[in-house]
Amino acid sequence: MYAGAAAAATAGPPRRDFISVSLGPEEAVGAGGYNNSKAWRRRSCWRKWKQLSRLQRSVILFLFAFLAVCGVISYTSMGEAWKSLTNKSLDDQRTKQEIPGVKLANPAVLPAPQKADANRGDYPELSLQKQPNPPHVRRGPSNLQIKAPWRDTRLKTRHSTIRAVEELVQTDKGEKTEKSIISWRGAVIEPDQNTEPPSSKIKEPDKPSSVEAEDQKEPVPINERQLAVIEAFRHAWRGYKDFAWGHDELKPLSKSYSEWFGLGLTLIDALDTMWILGLKEEFEEARKWVANELVFDKNVDVNLFESTIRILGGLLSTYHLSGDSLFLEKAKDIGNRLMPAFKTPSKIPYSDVNIGRGTAHPPRWTSDSTVAEVTSIQLEFRELSRLTGDEKFQKAVDEVMKHVHTLSGKNDGLVPMFINTNSGQFTHLGVYTLGARADSYYEYLLKQWIQGGKKENELLEDYMRAIEGVKKHLLQRSAPRKLTFVGELAHGHFSAKMDHLVCFLPGTLALGAHNGLDANHMKLAEALIETCYQMYAQVETGLSPEIVHFNLHAQKGHKDVEIKPADRHNLLRPETVESLFYMYRFTGDKKYQDWGWEILQNFNKYTRVPTGGYTSINNVQNPSNPEPRDKMESFFLGETLKYMFLLFSDDIDLINLDKFIFNTEAHPLPIWVPA
């Protein structure tokens with residue numbers, strides 16, 4: 001121990017400033033020293049504090065006071081920031097639940113169908129509305145690039161059995177919400193980060209435009225008949241999804257599928273139909289398949305015409321309706337792969353293309369192509385050039401039309417059915433029809449003229465001359481009801497045979513009259529659509545056969561329509577419904593809707609398969625056994641049901657015919673606005 005310090009402590013007054021004591025355990029206890037008690041520790045601390053100088057104690061007290069003040073200030077600031085962050089988090093969470101990632105200008109537009117019970121009568125109404133055009137945009141046909149409500153806005157949806165309603169919820173400063181229906185038409189929605197804008201090469205006419213403010217109107221509700229079409233589509237789609245997903249066509253009876261090109265024809269054909277019907281979930285499922293599974297780099301021969309109107313047309317149409325660049329990229333891919341078909345001596349394309357190898361060839365049995373095939377791909381390739389800025393697509397198809405324009409072998413504007421890819425000349429001369437192998441040549445003359453802004457006079461001249469040729473050589477009237485029909489001419493001999501395919505003509509004539517052509521075309525359209533309806537009404541099942549023959553002379557016990565055993569099948573074709581749509585849109589006569597409703601009911605009665613899908617039938621004359629063929633053509637979803645839905649709509653802006661032109665597979669493409 002430190003003896004000097006102990007002696008000083010006993011000898012005189014203690015020096016409190018400097019004391020150091022060290023005791024052994026025994027001595028400390030015996031002397032009443034350190035015992036580790038709380039009281040002793042408090043006294044020891046106090047001694048230490050008192051040993052500090054006044055300056056030291058003041059500095060320590062100041063530091064403690066400063067730290068306390070800083071703590072109070074920090075607590076207040078952090079508390080407010082935390083509260084603000086918490087509120088922001090909650091607001092963000094609400095926003096994500098309602099309209100994540102969406103910047104909306106002028107929300108509330110078209111009808112995404114409402115969800116309801118499977119019972120058709122329980123469907124809620126859907127409303128449609130038009131978006132205003134800016135004042136600087138010329139009135140007339142516009143080119144719309146419209147964003148998908150469910151892709152670009154990812155709206156919150158409610159689920160029920162029919163899954164058809166979609167609501168857009170807009171929050172007003174977190175206090176008040178308003179609900180409105182949204183759809184593709186008129187929505188001005190900025191794309192999310194994953195959606196690329198159209199190519200920078202796009203020409204001026206492709207810039208999206210909106211609808212003028214003064215054109216806004218009250219929403220048009222979805223009606224019972226349209227809801228029945230939605231139900232029919234869902235039933236057909238269910239069969240395709242369950243038994244043929246990703247394949248070309250459904251075989252509903254055997255619950256399997258058939259392949260033609262192996263490119264998911266039914267799915268691609270139905271994309272824009274789902275969009276127009278507002279079937280969000282089905283569209284999203286199909287889009288994922290297109291994004292992840294649709295590959296064109298495969299060793300397969302495809303038909304140039306069929307792949308153009310169904311695949312290229314379907315992708316372009318869906319791009320325009322949804323604004324989703326995925327579909328444009330796929331369209332460019334298939335468009336480029338089809339171009340080898342035009343590498344022929346005459347520039348008249350081959351019928352078949354291997355899209356994997358980049359080769360093309362005519363059919364094995366001939367070097368001919370059909371006139372309809374080579375002259376009914378123009379709308380699609382022209383539009384692809386306009387979107388991409390690559391002129392090769394339009395140049396190839398325009399050369400075909402210019403060449404056909406100059407050919408001999410026509411009969412007052414009527415063309416033969418075949419053309420040789422080597423010589424570029426018509427073959428099988430003397431046979432003229434508006435049915436198979438020639439039909440859409442006439443349709444595309446008018447539609448190209450309209451698509452291009454009514455500037456290409458050669459197209460109009462050929463169309464007008466052809467209609468005069470039809471009147472002169474192919475029009476006759478049946479007995480006993482005096483139905484006007486379009487027959488065929490073979491080497492000067494008239495045949496009273498009319499394909500169901502010819503029923504495109506009333507709609508085409510009406511479209512021409514609507515665009516300023518001869519008013520007598522509308523009168524002829526009215527007469528022909530009556531005939532097409534009778535091709536259904538005079539048959540036992542209420543469904544038209546593929547081909548009919550008309551009686552030219554009244555015979556007791558005979559109707560106007562005669563059907564041969566080889567022709568009595570029905571393939572679920574759209575042509576009559578297509579023309580009914582045009583006729584109702586341009587005249588407003590409700591009878592056209594009633595006729596279409598009869599046809600839909602008969603499709604449901606004789607072609608609907610309970611497990612999903614619809615089937616072609618072999619015998620329209622036998623209601624007790626129509627002999628189902630076990631095949632649902634892709635155009636039933638791509639055309640027939642789409643035209644049904646549009647026919648039953650009273651909204652002229654649901655695919656406005658002054659803004660869109662339908663290709664021959666019912667895929668709407670924009671009419672070009674004059675530059």
- How big is the range 258-303 by Rg and Dmax over its Cα atoms, in Å? 11.8, 35
- In angstroms, what radius of gyration and Dmax does the range 570-675 have, counting Cα atoms only? 15.5, 58
- Query: Length gain on complete extension for the stretch Q56 to N299, per 0.36 nm per residue less the alpha carbon to alpha carbon distance?
  - Reply: 78.3 nm
- Note on the structure: Once the dipole of the range 344-414 is set up from charges on Cβ (+1 Lys and Arg, -1 Asp and Glu), the residue from the list F381, S367, V404 lying farthest towards its positive end is S367
- Item | Distant-in-sequence amide H partners of A360 (H built 1.01 Å from N, under 5 Å) | N354
- Note on the structure: Taking 646-659, 423-436, 524-537 and ranking on average Cβ neighbours within 10 Å, highest first, one gets 524-537, 646-659, 423-436
- Mind grabbing the accessible area of E249 for me, 1.4 Å probe, Å², rounded to tens? 10
- Task: Can you tell me the order of 315-324, 614-623 when each peptide is scored by its average per-residue count of other Cβ atoms within 10 angstrom, highest first?
- Result: 315-324, 614-623
- Query: In Å, what is the Rg of the alpha-carbon atoms in the range 416-523, and how long is Dmax?
  - Reply: 14.6, 47
- When the Karplus curve 6.51 cos²θ - 1.76 cosθ + 1.60 is applied with θ = phi - 60°, which whole-Hz ³J(HN,Hα) does each residue of the range 636-643 get, with x for Gly and Pro? 5, 7, x, 10, 4, 6, 5, 5
- Query: Averaged over all directions, how much area does the convex hull of the C-alpha atoms of the range 473-603 cover when projected, in nm²?
  - Reply: 8.3
- With T = 25 °C, eta = 0.890 mPa s and Kirkwood Rh from C-alpha pairs, the Stokes-Einstein D of the range 313-431 in µm²/s is about 162
- Query: Around G542, with a cut-off of 10 angstrom between Cβ atoms, what is the net charge of the other residues, counting Lys and Arg +1 and Asp and Glu -1?
  - Reply: -1
- Relative pair counts by distance (%), Cα atoms of the range 582-631, 5 Å bins: 5, 20, 22, 17, 12, 12, 11, 3
- Task: Go through 360-370, 225-235 and give me the packing order, highest mean Cβ count within 10 Å leading.
- Result: 225-235, 360-370
- Item | the range 360-374 - phi-based ³J(HN,Hα) in whole Hz, Karplus 6.51/-1.76/1.60, Gly and Pro as x | 9, 6, x, x, 5, 9, 7, 9, 8, 10, 7, 4, 4, 5, 7
- Could you work out how far the C-alpha centroid of the range 559-634 sits from that of the range 224-285, in angstrom? 18
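How big, on average over all directions, is the shadow cast by the Cα convex hull of the range 314-377, in nm²? Don't jump to the answer; show the numbers that get you there.
Values: hull surface 19.9 nm².
Averaging across all directions leaves 5.0 nm² for the Cα convex hull.
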- Please list, in chain and number order, the residues 5+ apart from E633 or on another chain whose amide H is under 5 Å from its amide H, with Hs placed from the backbone. S616
- Message: At 4 °C and a viscosity of 1.567 mPa s, what translational diffusion coefficient does Stokes-Einstein give for the range 617-659, taking Rh as the Kirkwood radius over Cα pairs? Give it in µm²/s as a whole number.
- Response: 101
- Task: Please list the non-local residues whose amide H lies under 5 Å from the amide H of Y257, H modeled 1.01 Å from N, same-chain partners needing a gap of 5 or more.
- Result: K251
- Item | Percent of Cα pairs exceeding the 20 Å cut-off, where the set is the range 221-300 | 35
- Item | Square roots of 5 times each gyration tensor eigenvalue, C-alpha, the range 376-432, largest first, Å | 27, 11, 9
- Approximate spin-label separation I652-K454, in nm, with each point projected 7 Å along Cα-to-Cβ: 1.5
- For the range 342-357, Karplus couplings with θ = phi - 60° (6.51, -1.76, 1.60), whole Hz, Gly/Pro x: 8, 7, 10, x, 9, 6, 7, x, 5, 7, 10, 9, 8, 6, x, 8
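The values are calculated or read from the model by the stated rules, or taken from the named source; none is laboratory data. Here the structure is a predicted model, which means the values were calculated and not measured. Cβ sites come from the backbone with ideal geometry, for glycine too, and all protein chains shown count toward neighbours. Remember, those area values only see protein heavy atoms, side chains included, never the ligands or the DNA or RNA. Shrake-Rupley method; radii C 1.70, N 1.55, O 1.52, S 1.80 Å.
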